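Below is one structure, written out as structure tokens, with a few remarks after it.
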Amino acid sequence: FTGKIAYVEQEPTIFAGTVRESILFGNKYNEEFYRRVIKACNLESDVKLFPQGDLSIVEERGTNLSGGQRARLALARAVYSDADIYLLDDPLSAVDAKVAKSIYTEAIQGLLKEKTVLLVTHQVHFIRDLKNIIVMENNRVIGNGTYDELQQKGVDVHKIFMTDKTSHIT
């Protein structure tokens, strides 16, 4: 591969500093893009509630943030990095269903639509429109393709999610 990689881990790493510094992570501030990232990662209402907006302090490891806020902040940092490849380890699991749908639509299918995104998820309802789905079971690939191609190959994605907790879709 060539290019820049951004990684969002399931248990996000958060560093002390302001909300803005946590998102910029050393990159140059572009107000228009920054605002789009904040919106796409569903952080607008949080920023409005913070005492000093995006200049509010985030404590080491994000101890003053909820799990959902930490997940969305880590995703915003990755999206703002404008990488070529995104490795997203189930970033939607830490947020409620409404927020997950919004992030999936606005960030993953929106701002990242022209990027290579490897999304690990246990939320099967997000996969219908993906270009390539890789289904793994017991640490091996049992099928890949679009949702329709998997169905044609006899890989029942929904059944895997209902019966086997160790299966994953990427």
Those residues that are of a type in the set (Val, Ile, Thr) and either under 21 Å from Leu150 (Cα atoms) or assigned to a loop (DSSP other than H, G, I, E, B) (or both), I need them from region 88-133; list them, please. Val95, Thr116, Val117, Val120, Thr121, Val124, Ile127, Ile133
Are any residues in region 29-68 among the aromatic types (Phe, Trp, Tyr) and more than 18 Å from the chain's Cα centre (by Cα), and if so, which ones? Tyr29, Phe50
Any residue that is basic (Lys, Arg), open to solvent by 10 Å² or more (accessible area, probe 1.4 Å), part of a loop (DSSP other than H, G, I, E, B) and free of Cβ contacts under 8 Å to residues at least 40 places away in the same chain - is there at least one of those in region 18-29? yes
Restricting attention to region 40-68, report how many residues are touching a Leu at 6+ places or on another chain (Cβ under 8 Å), in a helix (DSSP H, G or I) and at pLDDT below 95. 1
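Here's the yes/no breakdown for (1) small (Gly, Ala, Ser); (2) under 20 Å from Ala6 (Cβ atoms):
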{"position": "Tyr34", "(1), (2)": "no, yes"}
{"position": "Lys39", "(1), (2)": "no, yes"}
{"position": "Leu43", "(1), (2)": "no, yes"}
{"position": "Gly53", "(1), (2)": "yes, no"}
{"position": "Val58", "(1), (2)": "no, yes"}
{"position": "Asn64", "(1), (2)": "no, no"}
{"position": "Asp84", "(1), (2)": "no, yes"}
{"position": "Asp89", "(1), (2)": "no, yes"}
{"position": "Ala100", "(1), (2)": "yes, yes"}
Name the pairs whose Cβ atoms lie under 7 Å apart, with the first residue in region 75-92 and in contact (Cβ under 8 Å) with a residue 60 or more places away in the chain, the second part of a strand (DSSP E or B) and small (Gly, Ala, Ser), and 6 or more positions between them or separate chains? Ala78/Ala6; Ser81/Ala6; Ala83/Ala6; Tyr86/Ala6
Hey, could you check region 74-122 for residues that are among the basic types (Lys, Arg) and crowded, with 16+ Cβ neighbours inside 10 Å and say which is nearest to Val58 (Cα to Cα)? Arg77
Which of the residues belonging to region 50-107 are of a type in the set (Phe, Trp, Tyr) and farther than 21 Å from Arg128 by Cβ? Phe50, Tyr80
Reported set for region 141-168 where residues are part of a loop (DSSP other than H, G, I, E, B), at pLDDT below 90 and of a type in the set (Lys, Arg) is Lys165
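The values are calculated or read from the model by the stated rules, or taken from the named source; none is laboratory data. Quantities reported herein were computed from a predicted structural model and do not represent experimental measurements. Please note: Cβ atoms are built from the backbone with ideal geometry, for glycine as well, and neighbour counts cover all protein chains shown. Accessible surface areas use protein heavy atoms only, side chains included; no ligands, DNA or RNA. Shrake-Rupley method; radii C 1.70, N 1.55, O 1.52, S 1.80 Å.
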